[in-house]
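The values are calculated or read from the model by the stated rules, or taken from the named source; none is laboratory data. Computed from a predicted model, the values in this text were never measured in an experiment. Methodologically, a virtual Cβ is constructed for each residue, glycine included, from the backbone with ideal geometry; neighbour enumeration extends over all protein chains shown. Heads up: the accessible areas ignore ligands, DNA and RNA and are worked out on the full protein's heavy atoms, side chains in. Shrake-Rupley method; radii C 1.70, N 1.55, O 1.52, S 1.80 Å.
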Amino acid sequence: MKTFNNILLARDFSPSSSPALRHAVTIARENDATLRVLYANVLHADPFGETYVGERSDEQIRMKLREETEHALRFEKLDTDGVEITYHVERDVAPGPAILTFAEESATDLIVIGTHGRRGLRRMLLGSVAEEVVRLATSPVLTVPAHTETQLPFKSILVPVDFSEHSRETLRAARDLARRHDAKLTLLHVVEDHLPPSFYTGSVFSAQREETKLVEKARKELAQLASDVGGGEGLEHDFRAESGHAADRIAEFVEANDVDLVMMATHGRTGLTRFALGSVAEKVLRTVRCPMLTRK
């Protein structure tokens, strides 16, 4: 994988951001990279979670961010030798735009951000900062769930592929990372099972036979894809082709196989198209309990 020189960790003052801190520090140490810790200062919200007593200055927030982060580093017993860590505050109307603006202006190679795992109405109303960053960031984004038990180095990496050039590029990056971590690499393709009613297909059985043929074809394509990117050279690997809904199948595979990292390409849809079709990457992000690395 391409070496990361500048890593951005978007952090707040909640305990749920500690797993993201662990991963960001470890990756920075592995890559001899600078780690920039960022707090997104949102209008009309007190960053310290206290009763609002007036506007906090950026310097107050930055010092608090440094104090809290250094405390977490000591508590987690994280090795920061050789890692340059700087602290920053970016003001904006919402966290997402603040993170994206800072990432662009600071030539960030990797964004690391924790997810709080909200579900249901609260997530729908408030939205997800991580989802927004994943959708709009031009650099790779590593999302780390608040309650993940995954530790580095990664030992099992899953790459869902749709045979597009996007997924091929992601597979190449995953291959390099798997070699660096001595990890098992699994390719997964899901044949969407949007089968029309038997009235149109002649029978349910003929539709099922056609689906079986597509799954078998996908297995052959996966083997060829791995060969094209050199995935089988001295690397433990596996291929899986299944039918169903992509996001559901990916999440089920992660849960059943103790996957440490999911790597996916995202097409970065916005507006009505994204709202109507949804994004497989965003749906997976909401459900998996392991870190996920998305790349444009």
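Restricting attention to the range 150-171, and to residues there that are hydroxyl-bearing (Ser, Thr, Tyr) and in a helix (DSSP H, G or I), which single residue is modelled with the highest pLDDT? Full working, then the answer.
Residues of the range 150-171 hydroxyl-bearing (Ser, Thr, Tyr): 150, 156, 164, 167, 170.
Going one step further and asking which of them are in a helix (DSSP H, G or I), we end up with 167, 170.
Working: Ser167: 81, Thr170: 87.
Checked the range 150-171; the qualifying residue modelled with the highest pLDDT is Thr170.
Out of all the residues in the range 120-132, is one or more open to solvent by less than 40 Å² (accessible area, probe 1.4 Å) and modelled with pLDDT of 90 or more?
The first filter runs over the range 120-132 and keeps only residues open to solvent by less than 40 Å² (accessible area, probe 1.4 Å), leaving 127-128, 130-131.
Filter once more, keeping what is modelled with pLDDT of 90 or more: none.
Within the range 120-132, not a single residue is open to solvent by less than 40 Å² (accessible area, probe 1.4 Å) and modelled with pLDDT of 90 or more.
Take the residues in the range 1-45 that are in a strand (DSSP E or B) and farther than 22 Å from Glu59 by Cβ, then tell me which one is most open to solvent (accessible area, probe 1.4 Å). I'd like the intermediate steps shown before the answer.
At the first step, the residues of the range 1-45 found to be in a strand (DSSP E or B) are 6-10, 34-42.
Okay, now just the ones that are also farther than 22 Å from Glu59 by Cβ, so 6-7.
Numbers: Asn6: 35, Ile7: 1 Å².
If we take residues in the range 1-45 being in a strand (DSSP E or B) and farther than 22 Å from Glu59 by Cβ, then Asn6 is most open to solvent (accessible area, probe 1.4 Å).
Among the residues of the range 77-99, which ones are surrounded by 13 or more Cβ atoms within 10 Å (Cβ to Cβ), within 23 Å of Ile27 (Cβ to Cβ) and among the acidic types (Asp, Glu)?
Across the range 77-99, the qualifying residue is only Glu90.
Name the residues in the range 150-190 that are within 22 Å of Leu214 (Cβ to Cβ) and among the hydrophobic types (A, V, I, L, M, F, W, C), would you?
Passing the criteria: Leu158, Val159, Val161, Phe163, Leu171, Leu187, Leu188, Val190.
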